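Asks: Sharing a structure below in structure tokens format, with a few things to ask.
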Amino acid sequence: MKSIRNLTRMTYETTAFKGWRLALSSKGTAFIKYFSDRKYGDEKKAFAAAEAALAGVKAMLEGAIPGHTYLLQRSTDLNNWQTLATLVAGTDGAMSFTDESPPPGSAYYRLAKP
């Protein structure tokens with residue numbers, strides 16, 4: 001298996017799964033997601049999706065800089081991003097948002113600087 005911090009290349013012959021596993025834990029919270037070559041089209045596209053998801057999860061887990069403004073964005077394909085809210089980090093770096101109308105299926109979220 002090829003491994004990059006928090007991303008591991010997985011091949012399960014018994015289930016015919018080939019893809020990437022994202023595994024990250026922080027402060028007692030674990031996040032694990034699989035990115036199948038078949039679902040994303042090939043190994044490179046699955047890796048790109050896993051890498052983008054990892055960046056988003058890290059940004060959310062690491063917190064934000066107090067007083068700074070961030071854009072919360074959502075995508076269903078990791079290519080097209082829609083800004084859902086503009087958030088300002090509190091004095092502790094925390095921000096909160098609830099997606100009141102999530103799309104069916106998978107959705108990906110990220111924080112971006114305006």
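Asks: For the stretch 55-67, how many residues meet the condition of being on the phi < 0 side of the Ramachandran plot and at pLDDT 85 or above?
Replies: Number of matching residues: 0.
Asks: Here's something else I'd like to know. When you check ALA52 against the structure, is it surrounded by 11 or more Cβ atoms within 10 Å (Cβ to Cβ), in contact (Cβ under 8 Å) with a residue 12 or more places away in the chain and either part of a loop (DSSP other than H, G, I, E, B) or touching a Lys or Arg at 6+ places or on another chain (Cβ under 9 Å) (or both), yes or no?
Replies: In short, yes.
Asks: Further, regarding this structure: Within the stretch 21-40, can one find any residue that is at positive phi and either at pLDDT 90 or above or surrounded by 14 or more Cβ atoms within 10 Å (Cβ to Cβ) (or both)?
Replies: No.
Asks: As an exercise: evaluate LYS45 against (1) farther than 22 Å from ASN6 by Cα; (2) modelled with pLDDT of 90 or more and give the number of the one condition it does not meet.
Replies: (1)
Asks: Further, regarding this structure: Condition first: surrounded by 10 or more Cβ atoms within 10 Å (Cβ to Cβ), assigned to a loop (DSSP other than H, G, I, E, B) and in contact with a Ser or Thr (Cβ under 7 Å, 6 or more places away or on another chain). Now tell me which residues in the stretch 81-114 satisfy that.
Replies: TRP81, PRO103, SER106, ALA107
Asks: Show the residue pairs meeting these rules: Cβ distance below 6 Å; 6+ apart or different chains; first residue within the stretch 78-93 and within 30 Å of TYR40 (Cα to Cα); second residue small (Gly, Ala, Ser).
Replies: LEU78/ALA49; LEU78/ALA52; TRP81/SER75
Asks: Another one. Of these, LEU72, LEU78, which one is assigned to a loop (DSSP other than H, G, I, E, B), buried (at least 17 other Cβ atoms within 10 Å of the Cβ) and either modelled with pLDDT under 90 or touching a Ser or Thr at 6+ places or on another chain (Cβ under 9 Å) (or both)?
Replies: Within the list LEU72, LEU78, the selection yields LEU78.
Asks: Scanning for something modelled with pLDDT under 85 and within 28 Å of PHE17 (Cβ to Cβ), does the stretch 87-98 turn up at least one residue?
Replies: Within the stretch 87-98 (the criterion being modelled with pLDDT under 85 and within 28 Å of PHE17 (Cβ to Cβ)), the answer is no, since none of the residues qualifies.
The values are calculated or read from the model by the stated rules, or taken from the named source; none is laboratory data. Everything numeric in this text was worked out from a predicted model, so none of it was measured. Positions of Cβ are generated from backbone atoms using ideal geometry, with glycine treated the same way; all protein chains shown enter the neighbour counts.
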